[in-house]
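Below is one structure; the comments refer to it alone.
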Amino acid sequence: MRFLVALAVLLSVANAADIRDSETKDWYEHATFYQIYPRSFKDSNGDGIGDLPGITSKLEYLADAGINAVWLSPPFPSPNMDFGYDVSDFYDINPEYGTLENFKELVEEAHNHGIKVLLDFIPNHSSDKHEWFNKSVARDPEYDEFYTWHPGKVVDGEHQPPNNWISAFDGDAWSFHDERQEYYLHQFSEKQPDLNYRNPKVLEEMTKMLFFWLDHGVDGFRLDAINHLFEDEELRDEPLSGECDPKKYCYLNHIYTKDVENVYGVVYDWRDQLDQYSSENDRTVILMTEAYSSIEGTMLYYESANRTRRGAHMPFNFQLIYDFKSDQNAVGLKRSIDWWLDNMPARHTPSWVAGSHDHSRVATRVGEDRVDQLITLLHMLPGTSITYYGEEIGMLDYKEAQKFDGRDPNRTPMQWDSTTSAGFSTNGTTWLDVHPQYAERNVAAQQNELRSTWYHFRNMTYLRREKTIRDGDFLHRTIGTSVYALLREYRGADSYLALLNMAGQEDTVDLRDFVNLPLEMTVYVAQPESAHKAGDIVSIGKVQLAPYDSIVLMADLASSAMMIGLPVSTLLVMVLRFFLV
């Protein structure tokens, strides 16, 4: 009888050993992305403005920090009304940042360091200083319909815009041009006229531009504000939302200026062309989309509703920015993560964005005592992590730096060290003022302290290289309302369990409800102010967590006795010893 039981166990193990391994993932499906705002990252020539050679000089730093890919906010020529997001030439580099040759050097050197380079592409509009717009104003036959023009309407003897549309920057979305004697549409600033994608020549030109930069070695694009690409062809008034002031964007429900169906076709076509380019050049280039949209609208950027066409490799997921708040508990955090994953089409890659040039920094938005916790979470979740420059040292907004734009406080110069201008520039005057705390909060200082936010960030990016984190299963749950637990498992490999105490008081948790965990686990990573340190051994029945603590526990293959990953010959010996003695 004992022999029959042993045989049954062996057969079940043998069958388990035939379980399909996970597929090899492409580089973008598990990458650690890093957003660089070129104007604020590193100044190489002392003019107080960041530039491309400055970025190139810091590629060793990025590689050491565990970065796999960078995406650059627009480096193109611009009048800087919106600091790069008003492009006056899509085929060149802003002279303040360097030259096209500097860009080529940056891409080549980044690739030498194993880092991909993506560009922020602004498809919806150009600058009003772009030659296309000037030619359109002059009714040049080639460019006459490159932008959306309309004569407007006359009410009580006065010229008025053709409808009630409001700009995302507030105020009318139409401006009257004296020379052309027509209104032009701008869903953002009046200095950013909307391109007319109902004109095939516009789509042809913008597609040509994508391939220009692909041929210069870039590895993909982030499509900025992509859901504004088309508007209602009949230019119908948008319904009132019942909220806020009449000149505010929130005054209307934007059913005719956002997520118009045509936009998805453009993204699907670009994906087809990029896939063909990838195949022909034996390297995967990708599309990422930025769209502040409904969850249903956002998911259509992954693939069409009938699943016959592919779109972006990953839409940006801003839920950690919206939902990881100072008063968030574990239940709300889990709900936020599930909300994205439950809506995401099968066999696609989730992205997790902790910050950007448009949002307040983590340390300011959530609190300095929560920065390390968010770093833990960001890098344990399945898919792609995206970090805004400076978040790896917990940089803060600097309200007094506001000079041009309400978002200036979160775009201040990178804090490299305690020298002049935080090591960002040799110039004591920089385009935005450096945060006054730079002498205490900078890269050099944190690299000299093993228990620092910088080292915690690097520990987590290095952990992401483990097969379990890259390819493994994902299970998460709450322990009470305060503790969020996230388990990553992979057959035949070590398991990792992240714990986040979302409360401002100590907690002790029992993890024995998690199956396949040994009674004791090793602390693999602990945030700087944790109650633990790496290497500590903890009992899973009683894990103590400090306020706002986060740790990652490891169960190695041997200690967790995950039989399925062991060779069948080893299992045979173990089973026979147990049953046949």
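The values are calculated or read from the model by the stated rules, or taken from the named source; none is laboratory data. Owing to the predicted nature of the structure, the values given are computational and were not obtained by experimental measurement. Ideal geometry is used to build each Cβ from the backbone, glycine not excepted, and the neighbour counts take in all protein chains shown. Keep in mind that these areas ignore ligands, DNA and RNA; they rest on the heavy atoms of the full protein, side chains included. Shrake-Rupley method; radii C 1.70, N 1.55, O 1.52, S 1.80 Å.
Things to note:
- Kirkwood Rh in Å, taken over the stretch 373-490 so that all alpha-carbon pairs contribute: 16.3 Å
- Coordinate range along principal axes, alpha carbons of the stretch 81-228, Å, largest first: 66, 32, 27
- With the biggest extent put first, the Cα atoms of the stretch 352-406 measure 38, 21, 15 Å across the principal axes.
- Taken over the C-alpha atoms, the stretch 423-524 has Rg and Dmax values of 19.2, 58 angstrom.
- Accessible area, probe 1.4 Å, largest first, for residues 49, 537: 537, 49
- From its DSSP helices (H runs of at least four residues, each -39,500 (n - 2.57)), the chain gives a residue-normalised ellipticity at 222 nm of -8000 deg cm²/dmol.
- Over all directions, the projected convex hull of the C-alpha atoms in the stretch 309-441 averages 9.6 nm² in area.
- Contact order normalised by residue count of the stretch 59-191, Cα under 8 Å, 6+ apart, percent: 19 percent
- Scattering curve values for the stretch 151-250, log₁₀ I(q)/I(0), Debye with Cα scatterers, q = 0.13, 0.21 Å⁻¹: -0.60, -1.20
- For the stretch 244-297, the spherically averaged projection of the C-alpha convex hull amounts to 4.9 nm².
- Convex hull volume of the C-alpha atoms in the chain, normalised per residue: 179 Å³.
- The stretch 332-444, accessible surface, carbon-and-sulfur percent (1.4 angstrom probe): 46 percent
- Counted by Cβ distance under 12 Å from residue 45, the other residues give a net charge of -3, where Lys and Arg count +1 and Asp and Glu count -1.
- With DNA, RNA and ligands ignored, accessible area of residue 143 (1.4 Å probe; Å², nearest 10): 40 Å²
- The relative contact order of the stretch 292-384 comes to 28 percent, based on Cα pairs under 8 Å that sit 6 or more residues apart.
- Enclosing the Cα atoms of the stretch 248-358 in their convex hull gives a volume equal to 145 cubic angstrom per residue.
- Restraint check, 325/403; 247/325; 104/208; 191/247; 58/104; 208/258, Cα-Cα greater than 21 Å: 325/403; 247/325; 208/258
- Residue 41 exposes around 0 Å² of accessible area when a 1.4 Å probe is run over every protein chain in place.
- Computed accessible area, residue 476, all protein chains, 1.4 angstrom probe, square angstrom: 20 Å²
- Surface analysis of the chain yields an accessible area of 41 Å² per residue, using protein heavy atoms and a 1.4 Å probe.
- Gyration tensor over alpha-carbon atoms, the stretch 205-251, equivalent ellipsoid semi-axes in Å: 36, 14, 7
- DSSP-defined antiparallel bridges as percent of all bridges, the stretch 218-323, nearest 5: 25 percent
- What the Kirkwood sum gives for the stretch 414-460 is a hydrodynamic radius of 11.1 Å, with every pair of different alpha carbons counted.
- Calculated on the alpha-carbon coordinates, the convex hull of the stretch 24-113 measures out at 108 cubic angstrom per residue.
- Applying 0.36 nm per residue to the separation of residue 512 and residue 276 and subtracting their alpha-carbon distance, the gain on full extension is 80.0 nm.
- Relative contact order of the chain, pairs being alpha-carbon contacts under 8 Å that are 6 or more residues apart, as %: 12 percent
- Spherically averaged projected area of the stretch 57-102 from its Cα convex hull (nm²): 3.9 nm²
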